Amino acid sequence: MRARVLPVALVAVLVTGCTGSSADEPEASAPASEDSARTAAPAEPLTLLPGGDAVDLALGVSGALFESAPVVVTAREDDRPGLLLAASAAVGLGVPLLVEGSDDALSDELDRLGAGTVLAVGEADGGAAGDGPDVIRVPATPTAVAEATDLSLAEADPVPDDGALDAVAGLDRDEPAALVPDGEEPADGDDVDRVPSVRPGEARGETVVLVGDGDEAVGAVATARAAGAQVVVLEAADPRASEAARAALSDAGTGSVIALGAELAAEEGLNWKLETAASGTELPGGGQLLFPGKMLVALYGHPGTASLGVMGEQPVEAAVQRAREHAAWYEPLAGGRAVVPAFEIITTVASEFPGADGNYSAEADIEVIRPWVEAAEEAGLYVVLDLQPGRTDFVTQAERYRSLLELPHVGLALDPEWRLAPDQVHLTQIGSVGVEEVNRVVAWLADLTREARLPQKLLVLHQFRLDMLPGRELLDTSRDELAVLVHADGQGSQGDKQATWRALHQEAPPVWWGWKNFYDEDAPMLTPEQTMEQVRPAPDLVSYQ
């Protein structure tokens with residue numbers, strides 16, 4: 001289902017400096033007393049904080065989410081025990097954690113925040129001198145930090161070497177854990193001074209902070225959690241790939257996003273990817289990306305026409321069940337991928353006659369196709385609309401079915417075998433399509449997908465001869481809105497089919513791959529087990545005709 005999109009188009013504010021809020025007039029919390037932190041929500045829907053290192057990232061998040069803080073925590077990036085416990089303290093107190101590195105930048109941020117006290121944990125020195133804030137230094141032990149902050153941090157929570165970011169992102173302002181490096185036994189520590197009592201500012205749960213993996217963001221993430229913002233650690237820079245990101249972004253209360261780190265700031269199309277993730281719309285089988293997490297198993301054909309493929313051999317309800325049965329064969333063979341049943345519907349059928357429009361292609365009425373598309377949606381099937389355009393072009397035919405292609409579970413297939421030159425006719429010549437026309441389809445379909453904030457859409461290119469797609473090396477595979485797949489749909493002996501498969505892979509652009517099994521024309525047709533064992537690399541789409 002489609003849940004929502006962010007309230008306005010995402011406008012990115014790129015914050016490259018170390019201090020200061022990213023918003024001109026941020027939404028602020030209620031007036032704070034002298035012992036309260038004061039938080040602010042970014043005014044723009046998207047704030048980019050590329051940072052340069054741990055120091056810049058922590059300063060950037062402090063500037064984006066805090067207007068003032070009477071107490072600030074500091075730590076050194078290379079002091080792992082100190083950094084982890086400083087994160088525990090900062091989140092528990094509800095105040096920023098700044099990473100020491102640049103004395104001038106640290107001093108400027110302490111001045112902006114109006115900090116009267118700095119809690120320097122572990123090897124940190126607080127960076128203050130002269131008339132600056134009071135500095136309370138504490139060793140990196142849970143008992144010392146608990147004594148200094150009056151937080152309940154007596155029990156240590158070991159953090160593995162590669163788990164710091166996730167551990168800090170999971171800290172709770174109400175019940176912070178005492179994070180310590182796994183395998184280290186913290187000492188009790190000496191008596192320490194206590195920081196002044198401080199009340200956290202308003203929790204900024206309407207702000208989602210997205211961060212890529214990397215310990216350089218630990219301080220920044222601690223500051224975000226101290227402000228009460230949601231934090232999602234991404235495995236990849238594309239937020240569509242993260243279930244946690246999609247859930248956070250599609251929540252009705254989410255109003256702004258902070259993208260943290262150079263990898264996210266450099267992600268091509270981050271704005272529309274965030275808006276797509278926020279839509280809450282998912283593909284059959286879940287998620288918003290097709291591959292590599294999914295495998296499609298499709299029935300090929302035309303409604304009500306058995307001669308064109310197995311899909312049309314039975315009514316739609318029986319075809320749905322048959323597609324599910326075919327997909328079930330592959331579930332134990334798919335290597336952990338979600339196996340999704342599918343229909344590939346021949347939507348425009350190559351004709352031996354020119355027809356009224358002279359294009360040698362019979363375009364099915366959209367209302368003939370729609371019941372199959374709707375039944376597939378209800379049953380959790382993916383649908384691919386296959387075009388055999390004759391003497392017209394693929395974009396012209398695809399446009400006829402725009403309303404179906406605007407559905408999240410519907411992709412598009414191009415069948416060059418049936419794309420004719422002006423003087424060609426079907427069954428006399430095997431057609432072909434130049435890469436320029438294919439790339440026009442890529443642009444058209446990708447734009448449609450982006451504009452409608454749809455999950456990634458499948459574009460299938462049928463091919464069983466190299467000359468069917470001349471110029472294929474120039475195929476545009478840069479549009480992340482699409483998963484482009486070359487479908488080897490030759491028939492006959494398995495030796496010939498394997499030779500075709502190998503030839504198609506030679507110097508191929510970066511695409512996904514499909515294989516077709518023919519019930520009547522293959523000699524013999526491979527079983528599901530043979531398909532997955534003998535067809536290498538293993539296909540992402542297997543169709544049956």
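Tabulated results
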| quantity | calculated |
| --- | --- |
| Helices (runs of 4 or more DSSP H) within the range 375-454 that include 1 or more residues within 21 Å of GLU481 (Cβ to Cβ) and over 26 Å from the mean Cα position of the chain (by Cα) | 394-400, 435-451 |
| Pairs where the first residue, in the range 99-125, is surrounded by fewer than 18 Cβ atoms within 10 Å (Cβ to Cβ) and the second is of a type in the set (Gly, Ala, Ser), C-beta under 6 Å, 6+ apart | ASP103/GLY127; GLY114/SER68; GLU123/GLY82 |
| Selection within the range 297-328 - free of Cβ contacts under 8 Å to residues at least 60 places away in the same chain and touching a His at 6+ places or on another chain (Cβ under 9 Å) | LEU308, MET311, GLY312 |
| Residue in the range 109-131 that is touching a Leu at 6+ places or on another chain (Cβ under 7 Å), farther than 19 Å from LEU171 by Cβ and of a type in the set (D, E, K, R) present | yes |
| Residue ID - modelled with the lowest pLDDT, chosen from residues in the range 204-235 that are among the acidic types (Asp, Glu) and part of a helix (DSSP H, G or I) | ASP215 |
| Single unsatisfied condition, VAL460 versus (1) assigned to a strand (DSSP E or B); (2) touching a helix residue (DSSP H, G or I) at 6+ places or on another chain (Cβ under 8 Å) | (2) |
| Any chance GLY163 is of a type outside the set (Ser, Thr, Tyr) and free of Cβ contacts under 8 Å to residues at least 24 places away in the same chain | yes |
| Within the range 515-545, considering residues that are touching a residue at least 60 places away in the same chain (Cβ under 8 Å) and within 23 Å of ALA306 (Cα to Cα), the one surrounded by the fewest Cβ atoms within 10 Å (Cβ to Cβ) | TYR519 |
| Total residues in the range 137-166, condition aliphatic (A, V, I, L, M) and surrounded by fewer than 20 Cβ atoms within 10 Å (Cβ to Cβ) | 2 |
| Filter result (out of contact with any Gly (no Cβ under 9 Å at 6 or more places or on another chain), surrounded by 14 or more Cβ atoms within 10 Å (Cβ to Cβ) and among the hydrophobic types (A, V, I, L, M, F, W, C)) within the range 473-494 | LEU475, VAL484 |
| Test: GLY355 is assigned by TED's automatic domain parsing to the domain that holds TRP418, assigned to a loop (DSSP other than H, G, I, E, B) and under 23 Å from ALA398 (Cβ atoms) | yes |
| Check on GLU109, at negative phi, assigned to a helix (DSSP H, G or I) and modelled with pLDDT of 95 or more | yes |
| Hits in the range 236-292 (condition: closer than 21 Å to ALA41 by Cβ, assigned to a loop (DSSP other than H, G, I, E, B) and of a type in the set (Val, Ile, Thr)) | THR254 |
| Search result, residues across the range 432-483 that are touching a strand residue (DSSP E or B) at 6+ places or on another chain (Cβ under 8 Å) and of a type in the set (Gly, Ala, Ser) | SER432, ALA446, ALA483 |
| Among (1) within 28 Å of THR47 (Cβ to Cβ); (2) modelled with pLDDT of 90 or more - the single one THR149 does not satisfy | (1) |
| From GLU175, GLU123, residue being assigned by TED's automatic domain parsing to the domain that holds ARG194, farther than 21 Å from GLY94 by Cβ and not in a helix (DSSP H, G or I) | GLU123 |
| Odd one out for ALA236, checked against (1) crowded, with 24+ Cβ neighbours inside 10 Å; (2) without any contact (Cβ under 8 Å) to a residue 60 or more places away in the chain; (3) over 28 Å from GLY82 (Cβ atoms) | (1) |
| Among (1) outside any helix (DSSP H, G or I); (2) surrounded by fewer than 22 Cβ atoms within 10 Å (Cβ to Cβ); (3) of a type in the set (S, T, N, Q), the one test that SER307 misses | (1) |
| Positions within the range 495-507 being surrounded by fewer than 15 Cβ atoms within 10 Å (Cβ to Cβ) and either touching a Phe, Trp or Tyr at 6+ places or on another chain (Cβ under 9 Å) or closer than 18 Å to LEU290 by Cβ (or both), in sequence order | HIS505 |
| Residue that is surrounded by the fewest Cβ atoms within 10 Å (Cβ to Cβ), among those in the range 379-434 that are farther than 17 Å from HIS302 by Cβ and among the aromatic types (Phe, Trp, Tyr) | PHE394 |
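Residue-wise test of (1) part of a strand (DSSP E or B); (2) at pLDDT below 95; (3) of a type in the set (Val, Ile, Thr).
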| site | (1), (2), (3) |
| --- | --- |
| THR39 | yes, no, yes |
| GLU44 | no, yes, no |
| GLY60 | no, no, no |
| VAL72 | yes, no, yes |
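The values are calculated or read from the model by the stated rules, or taken from the named source; none is laboratory data. Just so it is clear, the model here is predicted, and its values are computed rather than measured. Neighbour counts are summed over all protein chains in view; Cβ atoms, including those assigned to glycine, are modelled from backbone coordinates with ideal geometry.
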